[in-house]
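> Here you go, one structure.
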Amino acid sequence: MKPLSGAHEADEMAEPQHVPVLLEESLNFLNVRAGGVVVDATLGFGGHSLAIAKRLGGSGRLICFDRDEQAMELAKARLAGLALELGGEMPTIEYVGRPFSEIAEVISPGTLDGLLADFGVSSMQLDEAHRGFSFRSDGPLDMRMDTRKGLTAEQVVNQADEEDLANLIYEFGEERRSRRIARAIVRARPITTTAELARVVSAVAPPIKGEKIHPATKTFQALRIRVNDELGEIQSLLRAVSGGAGSLLKPEGRVVMISFHSLEDRLVKDSFREGARLGELEILTKKPVVAKEQEALRNPRSRSAKLRAAEKLTQREVRTTKKF
């Protein structure tokens, strides 16, 4: 994974509230058409969904996934406001309060014209101290996107053995000082708040020259990925999209995925390449699309965003691709 920035710099600086990243680029690659069926796999505060809904029109269908109950309720309120504005031009909207890894249990194969996923933690989650995602404000070490279940970051920090802690900080945070940090965490236990953990990490891992992120950023990222099984979630979603005959996409259906660090981006890139090799997908982005300078200045979170898009090939195109 590359040196982290953007989404993780949100821990150090104020940023605009709930700004959808790469919005125009997402809409362009999704190629949303009136009457289509589109999934927003990461509803969040609904920024992308609001724009998609306007393009789908009254005959369209928008299916929104999010395992964060708080985010879901806020997004519902925003979309309800849009419904009052659009009236009969508002598409049918369905809300699914489940992780997007379970999408194949909800959506039938070959039914989607488009799917959008914007991975990572949202600015809203970072802003809520009680959620425990950020050390910007002190709060309990939680980090769960779905607060109804699963281990908290506090449980991982205080119950994992030193070797396991070091491995997850190295693997999911690509923190070269992972063993030193894990040793310090074990010695400082119990650790119950974000500020405590940030102090422990900073004491043994001072800022690296040339890096603009806080010394604890990579450790926090690693814990968040572990708590929410973020990479496993993405792999399940990619299988549902790129699964050959079992793909959720219609022929010519589009998938757009936005990643914020290289572990996520690598999974998307590899999956799209394999789909293209098998003649099932056409990659629409030879290189990942990144934020323009104006957006990066307006919304620091967008600096590390990378968008990749692909299109499901028709059966005729699949046969032709395989023949040659």
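The values are calculated or read from the model by the stated rules, or taken from the named source; none is laboratory data. These figures come from a predicted structure and were not determined experimentally. Cβ: placed from backbone, ideal geometry, glycine included. Neighbour counts: every protein chain shown.
> For region 19-64, what are the residues that are under 24 Å from Leu126 (Cα atoms) and touching a Gly at 6+ places or on another chain (Cβ under 6 Å)?
Passing the criteria: only Pro20.
> For Lys287, are the conditions met, namely being surrounded by fewer than 23 Cβ atoms within 10 Å (Cβ to Cβ), within 15 Å of the chain's Cα centre (by Cα), assigned by TED's automatic domain parsing to the domain that holds Leu30 and not small (Gly, Ala, Ser)?
no
> Which of (1) surrounded by fewer than 17 Cβ atoms within 10 Å (Cβ to Cβ); (2) of a type in the set (Ser, Thr, Tyr); (3) over 18 Å from Val227 (Cβ atoms); (4) modelled with pLDDT under 95 is the odd one out, the single condition Thr147 does not satisfy?
Going through the list (1) surrounded by fewer than 17 Cβ atoms within 10 Å (Cβ to Cβ); (2) of a type in the set (Ser, Thr, Tyr); (3) over 18 Å from Val227 (Cβ atoms); (4) modelled with pLDDT under 95, Thr147 breaks only (3).
> Among the residues of region 262-310, write down those that are closer than 20 Å to Glu174 by Cα and of a type in the set (Lys, Arg).
Matches in region 262-310: Arg266, Lys269, Arg301, Arg303, Lys306.
> What single numbered condition from (1) in contact (Cβ under 8 Å) with a residue 40 or more places away in the chain; (2) closer than 24 Å to Phe260 by Cα; (3) of a type in the set (Gly, Ala, Ser) fails to hold for Ala166?
With (1) in contact (Cβ under 8 Å) with a residue 40 or more places away in the chain; (2) closer than 24 Å to Phe260 by Cα; (3) of a type in the set (Gly, Ala, Ser) applied to Ala166, the lone miss is (1).
> Can you list the helices (runs of 4 or more DSSP H) found entirely within region 186-247 that contain at least 1 residues being over 24 Å from Arg301 (Cβ atoms) and out of contact with any Pro (no Cβ under 6 Å at 6 or more places or on another chain)? Walk me through how you get there before you give the answer.
Values: elements: 194-204, 217-228, 230-242.
Answer list for region 186-247: 194-204, 230-242.
> Going by what's in this entry, would Leu197 be described as within 22 Å of Arg67 (Cα to Cα), modelled with pLDDT of 95 or more and not aromatic (Phe, Trp, Tyr)?
In short, no.
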